[in-house]
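To start, the structure itself, in structure tokens.
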Amino acid sequence: MIEKRFKKIGKLIILIVVRQLVLLGKNIYHLFDSPFLTIKKMWKKKDKSQIFLISILVLSPAIVYTGARVVWDSYKYGGLLKSVGSVFAVAFWVELLLLGYVTYWFLKVIRKK
């Protein structure tokens, strides 16, 4: 009896994950196609999970790079380096552009109300 419940819960979890991933893929595509309408639709539906996923997706390159940098520097040099080089600068500017793009459209939708 408990095994049936676990199977049902597992199936529901898989369906929810697939649904969220499909919606996330669709929203990412439409963010570059028509960002205002996409964010307006998410905001109007109050789809907090998609807003959260897109925010995490925008911030994840900085989090991953910083984490990898800490691990690599600790492994190779025994601590963090003071100078991080040009790769960090490029990653920083790309991240800043992505964050600025999404923030601009979010603010535009919020102010339009």
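Rule-based calculations on the coordinates, nothing more; no lab input. Bear in mind that the values here come from a model prediction, so they are computed numbers and not experimental data. No Cβ is skipped: glycine too gets one built from the backbone with ideal geometry, and neighbour counts run over all protein chains shown.
Normalised by the number of residues in the chain, what is the relative contact order in percent for Cα pairs under 8 Å and 6+ residues apart?
29
Relative to the Cα centre, what is the charge dipole magnitude of the chain, using +1 at the beta carbon of each Lys and Arg, -1 at the beta carbon of each Asp and Glu, and rounding to the nearest 20 debye?
On the way: 20 positive and 5 negative charges, 179 e Å.
Dipole size: approximately 860 debye.
In sequence order, what are the phi-derived ³J(HN,Hα) couplings for segment 51-64 according to the Karplus relation 6.51 cos²θ - 1.76 cosθ + 1.60 with θ = phi - 60°, rounded to whole Hz, with x for glycine and proline?
4, 5, 5, 5, 4, 5, 5, 6, 7, 5, x, 5, 5, 5
Short version: ³J(HN,Hα) in whole Hz for each residue of segment 20-26, in order, from phi by Karplus 6.51 cos²θ - 1.76 cosθ + 1.60 (θ = phi - 60°), x for Gly and Pro, what are they?
5, 5, 5, 4, 5, x, 5
Could you name the aspartates and glutamates in cross-link range of Lys108, using Cα to Cα under 19 Å and dropping any fewer than eight places away on the same chain?
Within reach: Asp33, Asp47.
Find the all-direction average of the projected area of the Cα convex hull for the chain, expressing the result in square nanometres with one decimal place. Can you show the working numbers first?
Values: hull surface 43.9 nm².
Answer in nm², one decimal: 11.0.
Once the dipole of segment 43-107 is set up with Lys and Arg at +1 and Asp and Glu at -1 on Cβ about the Cα centre, which of Ala68, Phe88, Val58 lies farthest towards its positive end?
Of the listed residues, the answer is Val58.
Quick check: pseudo-label points 7 Å beyond the Cα along Cα→Cβ at Ser74 and Lys41, how many nm apart are they?
4.2
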